[in-house]
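*Asks:* Dumping the structure here so I can ask a few things about it.
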Amino acid sequence: MIAYLIKRVGLAFAIVTTVVITLFALLRLVKGNPVTIALGPQATPEAIARYTAKMNLDQPVWVQFLTYARSLFSGDLGEDIFSGRAVSAIIDEQIGYTLALMAGAMGWAIVIGIPLGCLAAVRPNGWLDRVTGVLSVGTIAIPSFLMAIWSLLILSVQLNWLPAMSAGQSGNISSQLRHLILPAFAVGVGWVGYLARMVRASMLEVMGEPYIRSARAFGLRPLRIVFGYALPVAVLPTITLIGMGFGGLVSSAVFAEVIFARPGIGKLLYDAVQARNFPIVQGTVVVTTALYILVVLISDLLISWIDPRVRNSL
């Protein structure tokens, strides 16, 4: 298990390094001078020169990258070019909203999608299987931003069941949960279909295994066979899907946070790109990449712990 962990951590480090290099190069290709944006069009040449030197923009690109990489690996993500605040502090204020949104979206998708796919596989080609197939394809096909707009117009504007904008009152858990329902529904509805189809396919394969037939021959109850023996094996590919889906949730969170006017790291990244705020863009992308790799690493370790064949095959 230790050797497997070392391999996965080494791969994660290589991925983060590649992302940092690629992001740094791409940002230098974006049109717009961050110095002019930060100081305004009326800035004097002396102010522009001082700020350029402060941001190391007067240095060669390779020197800029080495300076940024050294600061990054020491935990310094830079300063916001507008407020002068530390980027890490700004991200720390926003990331909690995004994590709550992604946890709520994936949480209700897991609670509904996994049992739905499991029950659909118990009686293949039955009415529940057919309904599950239609719902799965329908939810997967609808883009998250379109679902966000529809849910906002129907559930909030027309029916007035749920609040439409913001993340709720600070410190009021009840208010924050009510404001979380709509965006979590919009972001997570597509994952109900993904999880249901994945679990159904895995369950159909597992239900044909010899040990399942032996359990039936011994007269075990069907529910015990399905949830006690078949589901723990069939759910392994679903764990991988959940880990890999973290990146998709981040992109969906951007639309949800913009449409529902919620704070969060997605909205922060969107505003930073619009303003050519390079330190914020670099910091948010690095942090989200690190979180994504961490989630995938946890899912891989969980699968290898449940199924030793995974780590023994590497």
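*Asks:* Can you name the condition, by its number, that MET106 falls short on among (1) more than 19 Å from the chain's Cα centre (by Cα); (2) in contact (Cβ under 8 Å) with a residue 12 or more places away in the chain?
*Replies:* The failed condition is (1).
*Asks:* Pick out the one residue from ILE95, ILE140 that is open to solvent by less than 70 Å² (accessible area, probe 1.4 Å), at pLDDT below 85 and among the hydrophobic types (A, V, I, L, M, F, W, C).
*Replies:* ILE140
*Asks:* Now a separate question. Here's a check for you: in segment 210-222, which residue that is within 25 Å of ARG130 (Cβ to Cβ) and without any contact (Cβ under 8 Å) to a residue 60 or more places away in the chain is farthest from the chain's Cα centre (by Cα)?
*Replies:* Result: ARG216.
*Asks:* Hey, another quick one. Take LEU57 and decide whether it is open to solvent by 50 Å² or more (accessible area, probe 1.4 Å), farther than 27 Å from ALA253 by Cβ and at pLDDT 75 or above.
*Replies:* no
*Asks:* Continuing with the same structure: Checking ASP129 against (1) closer than 18 Å to ILE259 by Cβ; (2) open to solvent by less than 70 Å² (accessible area, probe 1.4 Å), which test does it fail?
*Replies:* (1)
*Asks:* With respect to GLY245, is the statement that it is at positive phi, touching a residue at least 24 places away in the same chain (Cβ under 8 Å) and under 30 Å from the mean Cα position of the chain (by Cα) true?
*Replies:* no
*Asks:* Test of understanding: among SER202, SER156, SER174, which residue is open to solvent by less than 30 Å² (accessible area, probe 1.4 Å), of a type in the set (Ser, Thr, Tyr), farther than 22 Å from LEU223 by Cα and out of contact with any Gly (no Cβ under 7 Å at 6 or more places or on another chain)?
*Replies:* SER156
*Asks:* Turning to a different aspect of this structure: Taking segment 159-171 only, how many residues are surrounded by 12 or more Cβ atoms within 10 Å (Cβ to Cβ) and of a type in the set (A, V, I, L, M, F, W, C)?
*Replies:* Going through segment 159-171 one residue at a time, the tally reaches 4.
Residue-by-condition table, conditions (1) surrounded by fewer than 19 Cβ atoms within 10 Å (Cβ to Cβ); (2) modelled with pLDDT of 80 or more; (3) part of a helix (DSSP H, G or I):
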site	(1), (2), (3)
LEU223	yes, no, yes
PRO232	yes, no, yes
GLY248	yes, no, yes
VAL254	no, no, yes
VAL281	no, yes, yes
VAL285	no, yes, yes
THR289	no, yes, yes
LEU301	yes, no, yes
VAL310	yes, no, yes
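*Asks:* On to the next question. Assuming LEU297 fulfils every condition listed in (1) in contact with a Lys or Arg (Cβ under 6 Å, 6 or more places away or on another chain); (2) farther than 26 Å from ILE140 by Cα; (3) open to solvent by 20 Å² or more (accessible area, probe 1.4 Å) apart from one, which condition is it?
*Replies:* (2)
*Asks:* Given the conditions (1) in contact with a Lys or Arg (Cβ under 8 Å, 6 or more places away or on another chain); (2) farther than 20 Å from PRO143 by Cβ, and given that ALA256 satisfies all but one, which numbered condition is not satisfied?
*Replies:* (2)
The values are calculated or read from the model by the stated rules, or taken from the named source; none is laboratory data. Since the model is a prediction, treat every value here as computed from it, not as a measurement. Please note: Cβ atoms are built from the backbone with ideal geometry, for glycine as well, and neighbour counts cover all protein chains shown. Note: areas computed on protein heavy atoms with side chains; ligands, DNA, RNA excluded. Shrake-Rupley method; radii C 1.70, N 1.55, O 1.52, S 1.80 Å.
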